[in-house]
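Readers should treat all values here as calculations from the given coordinates under stated rules, not as data from a laboratory. This structure is a prediction, so every number in the text was calculated from the model and none was measured. Neighbour counts run over all protein chains shown; Cβ positions are idealised from the backbone, glycine included.
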Amino acid sequence: MAIMLTVNGRAQTIDVDPATPLLYVLSDDLSLRGPKFGCGLGQCGACTVIANGQAIRSCVTPVNAVANQDITTLEGLGTPEQPHPIQQAFIDEQAAQCGFCLNGVILTAKAFLDRNPRATEQQVQQALSGVLCRCYANVRMLRAVNRYAKEVAR
Amino acid sequence: MKPHLTSDARRALANAGFTRRAFLQGSGALIVTFASASISERFGGVLAQGINGAGAARLDSWIAIGSDGVVSAYTGKCDFGQGLYTAQMQLVAEELCVPFNRVRLIQCDTSMTPDQGTTSGQQSHPANFNTTNLALAAATARETLLTLAAARLGAPLATLVAKDGVIAVNDSGQSKRVLYAELVGGRKFEVSLDSNAKRRHPREWTVLGTAVPRVDMREMVTGRFEFVHNVKVPGMLHGAVVRPPSVGATVTSVDEPRFAICPAS
């Protein structure tokens with residue numbers, strides 16, 4: 001079945017089973033590397049994408065549930081040459097070890113701060129509590145998000 | 001036969017401006033390799049995976065310095081988040097006395113790099129950073145260049161100082177100096193790992209022990225980084241890790257017709 005999506009600003013028509021997880025479409029059909037397969041159960045956040053402004057877990061989202069929506073993945077924010085300010089904050093703070101969870105952390109923080117530009121550090125921490133990093137790089141990541149949050153609030 | 005390289009390795013080679021084949025056959029280079037007699041001694045058990053993988057004629061070189069002065073290093077110890085890629089570049093830059101950005105590191109592509117077995121259990125630093133393997137290769141290369149420079153400049157070895165890819169006679173005010181690139185020139189040197197090559201003393205370090213930003217961070221935060229599950233080799237339909245049902249089990253057969261139904265991507 002043909003499903004229309006807009007991914008990182010580009011209209012895409014995908015011919016797949018409508019129950020296919022969005023993550024599989026993004027990874028296998030569109031060859032995107034931002035969203036990651038972590039737990040496959042919507043629990044870790046590695047597969048996060050932003051759909052119509054909302055951070056969602058693409059591994060448990062059937063592709064037809066986001067038909068005709070605007071999807072942003074990590075590569076849609078910025079490029080290595082011109083990273084988005086939130087990505088630059090992560091570079092400045094060297095906020096990763098293996099980097100597998102970065103996608104979920106950055107996109108969850110971005111979607112949250114877009115809606116709550118004056119969030120406190122505690123609220124940021126709360127918003128990120130469901131995104132898991134098993135390298136324990138969380139402290140640096142929070143530092144990076146708060147650095148970006150300060151820029152947004154200014 | 002063209003070796004099957006991961007895109008990571010292809011990119012590293014492209015950045016370095018040459019292919020490995022061109023490097024080994026090319027106009028000028030200084031290449032540090034294993035002494036073949038000591039391979040098993042050095043690697044012991046990890047030789048099980050075989051030192052000679054598919055494709056390439058030689059897989060045992062650690063360091064190569066091109067006639068342009070660019071240093072290429074090959075490592076079998078892999079970065080998966082511990083920052084080892086950047087740290088190994090620091091190691092090579094330090095031991096060879098070249099700026100960090102003149103080092104190209106090709107990691108863990110079994111068609112190109114030494115097979116150092118698994119990367120696990122905090123073993124990469126003991127393996128590559130002490131007085132063996134990658135550290136020793138870089139130290140061997142530096143000492144070889146110093147010896148070449150002594151002959152070229154007609155000065156005793158003890159009076160020479162290597163810095164930023166240049167060897168100069170100490171106290172000559174840089175009037176007697178020679179670039180690594182000039183020493184390598186159009187010639188090809190192949191030297192074996194010298195177990196007596198000396199590491200630089202920590203007191204002399206300018207690159208190791210400093211905070212160098214991770215070279216992979218930019219690609220990671222922008223979703224461009226190639227994780228293992230992104231690797232696609234030519235002709236590949238699908239890749240997955242298959243774990244054996246018991247410890248030490250090996251594959252006896254593969255039911256290939258069952259996979260023939262996989263659509264090519």
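Just a few scattered comments:
- The amide H of A:L32, built 1.01 Å from its N in the peptide plane, has A:S27 as neighbours under 5 Å, considering only residues 5 or more places off or on other chains.
- Report summary: the helix-based calculation at 222 nm, which adds -39500 (n - 2.57) for every DSSP H run with n ≥ 4 and divides by the residues of chain A, gives -9500 deg cm²/dmol.
- Whole-Hz couplings from phi, Karplus 6.51/-1.76/1.60, listed for the stretch B:235-248; x for Gly and Pro: x, 6, 8, 7, x, 8, 7, 10, 8, x, x, 9, 5, x
- Close amide H contacts of B:I63 (hydrogens built in the peptide plane, cut-off under 5 Å, sequence separation of 5 or more or a different chain): B:V32, B:Y74.
- Sorted on the mean count of surrounding Cβ atoms within 10 Å across their residues, most packed first, peptides B:164-177, A:94-107, A:139-152 read A:94-107, A:139-152, B:164-177.
- For the stretch A:68-127, a crude dipole built from +1 on the beta carbon of Lys and Arg and -1 on the beta carbon of Asp and Glu, taken about the Cα centre, is about 220 debye to the nearest 20.
- Shielding by partners - mean other protein chain Cβ count within 10 Å, residues of B:76-82: 2
- For the stretch A:41-58, Karplus couplings with θ = phi - 60° (6.51, -1.76, 1.60), whole Hz, Gly/Pro x: 10, x, 9, 9, x, 4, 9, 4, 9, 9, 10, 6, x, 10, 6, 10, 9, 6
- Pairs of Cα atoms nearer than 8 Å and 6+ residues apart set the relative contact order; for chain A it is 23 percent.
- Under a 5 Å amide H cut-off, with hydrogens placed 1.01 Å from N, A:I3 pairs with A:I14, A:D15, A:V16 among residues at least 5 apart or on other chains.
- Highest to lowest packing among B:151-163, B:81-93, scored as the average C-beta count within 10 Å: B:81-93, B:151-163
- Inter-chain Cβ neighbour average for residues A:97-107, partner chain, 10 Å: 4
- Listed residues A:Q97, A:V66, A:A109: farthest to the positive end of the dipole of the stretch A:66-121 (Cβ charges): A:V66
- Per-residue 3J(HN,Hα) values for the stretch A:106-117, derived from phi via the Karplus relation 6.51 cos²θ - 1.76 cosθ + 1.60 with θ = phi - 60°, read 5, 6, 5, 5, 4, 4, 5, 6, 4, 8, 10, x Hz in sequence order (x marks Gly and Pro).
- Mean Cβ count within 10 Å, highest first, over the residues of peptides A:67-74, A:84-91: A:84-91, A:67-74
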